[in-house]
1. What 222 nm value per residue comes from the helices of the chain, counting each DSSP H run with n ≥ 4 as -39,500 (n - 2.57) and dividing by all residues, nearest 500 deg cm²/dmol?
2. Which distance in Å, rounded to a whole number, links the C-alpha centroids of region 180-197 and region 94-121?
3. With every protein chain present, what is the per residue accessible area of the chain (1.4 Å probe, Å²)?
4. Using only the alpha carbons of region 247-396, determine the length spanned along each of the three principal axes and report them from longest to shortest in whole angstroms.
5. Quick one: grab Rg to one decimal and Dmax as a whole number for region 101-242, Cα atoms only, in Å.
6. Of the peptides 299-307, 272-280, how do they stack up when ordered by the mean number of other Cβ atoms within 10 Å, highest first?
7. Could you please report the charge total around Cys53, scoring K, R as +1 and D, E as -1 over all other residues with beta-carbon less than 15 angstrom from its beta-carbon?
8. List the GluC sites (Glu not before Pro) within region 89-148 that DSSP assigns to loop and that have no more than 14 neighbouring Cβ atoms inside 10 Å.
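The values are calculated or read from the model by the stated rules, or taken from the named source; none is laboratory data. All of these numbers come straight from a predicted model, not from anything done at the bench. Here Cβ is always computed from backbone atoms with ideal geometry, including for glycine, and neighbour counts include all displayed protein chains. Note: areas computed on protein heavy atoms with side chains; ligands, DNA, RNA excluded. Shrake-Rupley method; radii C 1.70, N 1.55, O 1.52, S 1.80 Å.
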Amino acid sequence: MTVYEELVARGLIAQVTNEEEIKNMINNGKATFYIGFDPTADSLHVGHFMALCLMKRLQMAGNRPIALIGGGTGMVGDPSGRSDMRQMMTEEMIQHNCDCFKEQMSRFIDFSEGKALMVNNADWLLKLNYVELLREVGACFSVNNMLRAECYKQRMEKGLSFLEFNYMIMQSYDFYELFQRYGCNMQFGGDDQWSNMLGGTELIRRKLGKDAHAMTITLLLNSEGKKMGKTQSGAVWLDSNKTTPFEFYQYWRNVGDADVLKCLRMLTFLPLEQINEMDKWEGSQLNTAKDILAYELTNLVHGEEEANKAREASKALFGGGGNLENMPTVELTEEDFQDGQMDILAMLQKSGLAPSRSEARRNVEQGGVSVDGEPVKDIKAVFTKDQIGSQGIVLRRGKKNYKKIILK
């Protein structure tokens, strides 16, 4: 099986500009490709995960990745998939987020000499002269075609700012610049980026008379058609300080039965033959498949040691046996107690199991909270420092959300 055939078999490819040419380039290690990452937060999240895995796969096959950090495009914000305009960020925020991205990407991609590049489009976009850009690039874009693009159509009802209208031109200019600077001949991105990517290939053709190619990656959706990577408390981050390895593990351990094999194919590096064997699995065997998925992805993002700890903690909580020491822990200090006591709502909020006291109240009233296996149904229930003790207590919300509470 060729590299391209494996990408197809894993369900990763959505759209391509010239399949035969792209096949040849990828299979023979001739692709210098880029994927863009706008620094909208200080961590990458599950939504970026598939792109990182694709970069790793193609680099392993001899192709050269370029990770493009959007220090320039981040000043505008991508309207794709948005119902409203993104929050404007300061240059300092954008730079901080860019620095965080670099550290995380290095876990997936080998940036040693000649293997890959990491560049920031602020290096050229922020230096552009507006009138020169209009003359050089503006004439290459049809407003009629741009308005037909899906990323703009869905914003027309609520209103599309002229700021955001420029995003396609900026992304297209990135491809044009990378083509000239680094010989970048291909762009990959999520399927919602198709219109922007075609803008880049067309700009290169019109300005340079040369061919460049684009391929979109299938969006990671669950069986209900919703984007994966979201929980009740927000995004699933790749930064262990924002989403702990245990929480990351549990997210994948809890995917739906209908989604587990798709995730194994698209996100792990397990051989397809091994995954295809799991097609026959059903019932409790699917839980084994989910455990494999959770372990493989946690290992990929956080390393083998953290993956083993997360698996042990999961076994201890949900399967009997295993090591409770490895479960996520929250330390309380003297300042957290009032008159030596802490109420259950404050504890749920402090632990991160509930985002607010009102949500914590609903959880308790609906019977979804327990301490050390005993249900807590009184919203006024309090716990003393002595009750928590040196060993701590296990606080649970719902069936699958646990935290160990200890005194510092």
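1. Value at 222 nm, helices only, nearest 500: -12000 deg cm²/dmol.
2. 17 Å
3. In whole numbers, the chain has 49 Å² accessible per residue.
4. Sorted from largest, the Cα extents of region 247-396 read 61, 31, 25 Å.
5. Over region 101-242's Cα set, Rg and Dmax evaluate to 17.5, 49 Å.
6. Ranking the peptides 299-307, 272-280 by packing returns 299-307, 272-280.
7. Value of the local net charge: +3.
8. Hits after loop and neighbour filter: Glu113.
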